[in-house]
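See structure below.
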Amino acid sequence: MRPAVAYVRVSSLEQKETGYSPDAQKRLLWSHAKENGFDVEETFEDNETAGKAGRKNFERMVEYIRQNDIKHVLAEKTDRIYRNFRDYGTLDDLVTQNDLNVHLIKEGVVINKNNTSHEKFIHGIKTLMAKNFLDNLSEEVQKGFGEKLERGEYPGKAPIGYKNVEDPQTKHSVIVIDPDNKDLAVRLFELYASGQYSLLGLIEQVGKENLTTRLPGHRRLTKTSVDRLLRQPFYYGTFYWKGKLYKGSHTALIAFDLWKQVQEVLEGRGCKPKGRVRGYNAIPFVFKNLLICGECGRMV
């Protein structure tokens, strides 16, 4: 039995859109190994895009080959084992210097240092084709991503008060109001706009009103998470993505005027001393908004 390793790769996009699973590759490689006298010592699997070098388990496989003087790698085909030039160069060095044999099962090809110039040329062309496929796929993904943004579809995880669901018709992920937590989100804005609560006081108050009992995924409110929530324009119907403001297709939970009032309180411009019954800045202070914390950058 000849010692070998097997390498399996499927991108998340392929699994999602085509149902192409790594198990099918494993069955092929193990069957080939059994029929051809290979002892597969390790199987390395990457379930991430190969669009850039640095795949975790690919690198582990290379290190394992070097440390254990493995001479055979089994892979389904060219675009499974590498789809970028750095990975191609890494294995080519092992082929040249360590007598590595790369078995591409479906192509019926073995890449080794004894290949003719024509065989190396064909293999190089296949590598370029795989790279071209990846580049084209990336372009299409980015184009679709841009179209989604222009339609007002937020591409991230829904904030508190909303949830991600699958559209039964398009099968695409959409964001809808979460009936379990919409009142919590609205109440946070309403209470904080009054100027009577610090962030900790705000968390305490919504807790007393039993609005935090149905938060998803064991989430809990913290000063940081509430501060981030109150600054999100998502709640009045827009959102930022990479510095650009988009009109969202989701339903707004609050009016723009309420959101703006909250921003003024956050920045210390909407705090009226007479209206403050608790929290900070209860009396006029000449040095207000002058001192900045050297640790976190916030106003003292």
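Is it the case that GLY156 is at pLDDT 80 or above, buried (at least 18 other Cβ atoms within 10 Å of the Cβ) and not β-branched (Val, Ile, Thr)? Outline the logic, then answer.
On the way: at pLDDT 80 or above: yes; buried (at least 18 other Cβ atoms within 10 Å of the Cβ): no; not β-branched (Val, Ile, Thr): yes.
The answer is no for GLY156.
Can you pull out every residue in region 200-239 that is over 13 Å from PHE189 (Cα atoms), in a helix (DSSP H, G or I) and of a type in the set (S, T, N, Q)?
Across region 200-239, the qualifying residues are THR224, SER225.
List the pairs whose first member sits in region 112-123 and is without any contact (Cβ under 8 Å) to a residue 24 or more places away in the chain, whose second member is surrounded by 11 or more Cβ atoms within 10 Å (Cβ to Cβ), and whose Cβ atoms are under 7 Å apart, counting only residues at least 6 apart or on separate chains?
ASN112/VAL95; ASN112/ASN101; LYS113/VAL95; LYS113/THR96; LYS113/ASP99
Here is a list: PHE189, PHE256. Which entry is aromatic (Phe, Trp, Tyr) and surrounded by fewer than 18 Cβ atoms within 10 Å (Cβ to Cβ)?
Values: PHE189 fails: surrounded by fewer than 18 Cβ atoms within 10 Å (Cβ to Cβ).
Only one candidate passes the filter, namely PHE256.
What are the pairs with Cβ atoms under 8 angstrom where one residue, in region 150-166, is polar (S, T, N, Q) and the other, located anywhere, is open to solvent by less than 50 Å² (accessible area, probe 1.4 Å)? Sequence gap at least six, or different chains.
Partner pairs satisfying both residue conditions: ASN164/ALA158; ASN164/VAL174; ASN164/ILE175.
Please work out if GLU166 is surrounded by fewer than 11 Cβ atoms within 10 Å (Cβ to Cβ) and either hydrophobic (A, V, I, L, M, F, W, C) or modelled with pLDDT under 90 (or both).
Working: surrounded by fewer than 11 Cβ atoms within 10 Å (Cβ to Cβ): yes; either hydrophobic (A, V, I, L, M, F, W, C) or modelled with pLDDT under 90 (or both): yes.
Yes; evaluated as a whole, the condition is true for this residue.
Between a first residue in region 57-80 that is part of a helix (DSSP H, G or I) and a second residue that is basic (Lys, Arg) and surrounded by fewer than 21 Cβ atoms within 10 Å (Cβ to Cβ), which pairs have beta carbons less than 9 Å apart while being 6 or more apart in sequence or on different chains?
ILE65/LYS71; THR78/LYS126; ASP79/LYS126; ASP79/LYS131; ARG80/LYS106
The values are calculated or read from the model by the stated rules, or taken from the named source; none is laboratory data. Given the structure is predicted, the values throughout are model-derived calculations rather than measurements. We place every Cβ from the backbone using ideal geometry, glycine too, and count neighbours over all the protein chains shown. For accessibility, only protein heavy atoms count, side chains too; no ligands or nucleic acids. Shrake-Rupley method; radii C 1.70, N 1.55, O 1.52, S 1.80 Å.
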